[in-house]
Amino acid sequence: MGESKVHMFKDSKSFNDFIKEKKNMVINFSSAQRESSTQINPTFAKLSEEYPRITFVQLDVDDVDMLTLGFDLDEIPSFYFFNNSKSDGVIYGGHSDLLTRRVEAFYENIQYTQGSETPDWAK
């Protein structure tokens, strides 16, 4: 297995600078103090290796709380999806199977909408 490609940030400036050039992204709002977050982090890291056209970002809400403004964080972890820099859905909670299926579908969608090969579901 390769190295995790999850990008982590401790402040809003570095995060904002980083995302300016990123179009397809999954942001994991997590907390090192919550078991549901720490349990799903290995799944998130594995997905970052498997889907290189998606940028995976992890933000600990205890460290970067001002970044959470503007995001509805009813539950931690929360996973926000961005396709072409536009919001494309959210998943609340640490459900590995649901996150994996959603990332797979998201990847198929960005492959299709950005001129790559036709996804399996559209053949």
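The values are calculated or read from the model by the stated rules, or taken from the named source; none is laboratory data. Model, not experiment: these values are computed from the prediction. We work out accessible area using only protein heavy atoms, side chains counted, and drop any ligands, DNA or RNA first. Shrake-Rupley method; radii C 1.70, N 1.55, O 1.52, S 1.80 Å.
The figures follow:
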quantity	calculated
Amide H contacts of D60 (H built 1.01 Å from N, under 5 Å, at least 5 apart or other chain)	F9, S30
Per-residue ³J(HN,Hα) for the stretch 72-84, Karplus 6.51 cos²θ - 1.76 cosθ + 1.60, θ = phi - 60°, Hz, x for Gly and Pro	7, 10, 5, 8, 10, x, 10, 10, 9, 10, 10, 10, 6
Shape call, the stretch 32-88: gyration tensor on alpha carbons, a/c limit 1.5	oblate
Probe 1.4 Å, protein heavy atoms only - accessible area per residue of the stretch 1-90 in square angstrom	56 Å²
3J(HN,Hα) from dihedral phi, the stretch 43-57, Karplus parametrisation 6.51/-1.76/1.60, rounded to Hz, x for glycine, proline	5, 4, 5, 5, 4, 5, 6, 7, 10, x, 7, 10, 8, 9, 10
Centre separation in Å (Cα based) which lies between the stretch 1-60 and the stretch 83-99	12 Å
In Hz, Karplus ³J(HN,Hα) per residue of the stretch 26-31 (6.51, -1.76, 1.60; θ = phi - 60°; x = Gly, Pro)	10, 10, 9, 8, 10, 8
Accessible area, probe 1.4 Å, largest first, for residues V90, V103	V90, V103
Of K23/K46; K22/K86; K23/K86, pairs whose Cα-Cα distance is over 18 Å	K23/K46
